[in-house]
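Only the coordinates and a few stated rules stand behind these numbers; no lab work does. No experiment lies behind these values; they were computed from the predicted model shown. With ideal geometry, Cβ positions are generated from the backbone for all residues, glycine too; neighbour counts draw on all protein chains shown.
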Amino acid sequence: MHVFNTKRAYRTAGAVLSLGALCLVPFGACADLWSTGYYPGWEQGSLPASNIDFTALTHIIHFSVIPNTDGTLNSSANGVSLANSTDIVARAHAAGKPVLICVGGAGSESDFQAATTNAVLPAFVSSLTNLMATRNYDGVDLDWEPLTAADIGPFTNLVNSLRSALNAFPRHKLLTVAAGAYPPYGDPPTTEYTMYASVQNQFDQINIMTYDLSGPYAGWVTWFNSPIYDGGYHFPGGGGLVPSVGAAVGNFTNNGVLAAKLGFGIAFYGDIWQGGAGTSTGGVTQPRQSWTTAPSMNQSPYNTIMSGYYQSNLYHWDTNAQAAYLSISNANPANDMFISYDDQRTCQSKVSYARNHGLGGVMIWELAQDHQNGQPDPLLLAVKQALATPGQITIQSIGPDIELNFAGLPLGAYDIEWSSNLTGNFWNTLVVTNVTGSGGVLQIVDPNTGGQPQRFYRVQTPP
């Protein structure tokens, strides 16, 4: 059974006990969170659209076209050809999923600046909406990177003009944005966040790019690419807290952006730190290490990390950060490695975090980095399973007690409730439980229920 209220949709699973007979009420997938996946045009050779598991996604963003200085679009730079557009749009629509065209990407600031002057902006908006319409996309995703405080005026004009143009279509067209997790260096601490609060009603999704949260910068330490929590750890020498998903989300909500408007990033790639000098081991092998000579850091897709570096004895889970990593020591410290990446448990924990905090959803960068030919894509599968949790419960009577079993996610919060009469829609809390560790099957016992003619159960998250 599904339960909804006017503020948000809850995931719920239900079963009925009536007159000593057990009857299961099936629970299907519920789109309580969006699951938005970026799909670059250049990846369509390694991950054909026909191989995407659309059941794991609610939205697909085709990445990306680039603004030209005259307001036209460069669709060839990232492989967004007409053939590639036609393929992904047709297959996604056949699966009932919308596809948006992205404009921009890393390093696109100067392109946007030229295309959003007063003289060029109308042509730019027209180019975007025309491409969207002619190629049958369902909306536009903005990815202005970096977006500095100096760009807020032109960005706001673009958002308002584009939303107005999209509203002219007979069917609703989506407008989403990839937002920086933290302000660019030197910007005021809240300017970008308050700007997003002022235009949030124009967007269907504001997806925070909560990855690339660390690097071998002066005064830094080894840290995770996309950790959920900072663990209370400060930079050495009295600096601020290290970056995290939680802090980035808090910066938006504390400055007026509604939680339900926000998604945050799941990274299908990781950071490979190597070498360095001055650490306790000689080279970097752990999070929170400082150095006298900086290590190198390179990014690598998840499938490459798993095929080239992963061994079970090298794997570690950082509970305080809720992040996975590999620790590799070598005879030559220059070959020591600290590899930070999102694994299946991270994906599940992030889905739980989004639910627990009333967020709109999660965003994936990017789908092909997880793809393995002829095999299930492990990270996307983990996201799919997490979105379907708690799913079907099982229920059985054991003497006078009732036992319920259902799947629980790491970081998951569950409210198990019962009612003896659904007419009044009144529910009693049996137990509230929070899942620690890596998740798994939860077993809940309702004692001494014998003698009651009927009893209804449901499992909700978050409580």
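Counting other Cβ atoms within 10 Å, keep those with at most 13, restrict to DSSP loop, and tell me which chymotrypsin sites (Phe, Trp or Tyr not before Pro) in the stretch 389-463 are left.
Taking the stretch 389-463 and a limit of 13 other Cβ atoms within 10 Å, the loop chymotrypsin sites (Phe, Trp or Tyr not before Pro) found are 426.
Roughly what % antiparallel, to the nearest 5, for the DSSP beta bridges in the chain?
Bridges in the chain that DSSP calls antiparallel: roughly 65 percent.
Relative contact order of the stretch 88-143, please, whole-number percent, based on alpha carbon pairs below 8 angstrom and at least 6 residues apart.
RCO, the stretch 88-143: 52 percent.
Just flag the trypsin sites (Lys or Arg not before Pro) in the stretch 88-189 sitting in loop per DSSP whose Cβ has no more than 11 other Cβ atoms within 10 Å.
171
Restricting to Cα pairs below 8 Å that are 6+ residues apart, what does the relative contact order work out to for the stretch 64-214? Please round to a whole percent.
Dividing the mean separation by the residue count of the stretch 64-214 yields 22 percent.
How high is the relative contact order of the chain, in percent, with contacts defined as C-alpha pairs under 8 Å that are six or more residues apart?
Relative contact order comes out at 16 percent.
Below 14 Å, Cα to Cα, which aspartates and glutamates can residue 173 reach? Residues fewer than 8 away in the same chain don't count.
138, 141, 204
Which aspartates and glutamates have a Cα less than 12 Å from the Cα of residue 384, not counting those fewer than 8 places away in the same chain?
Residue 384 reaches 53.
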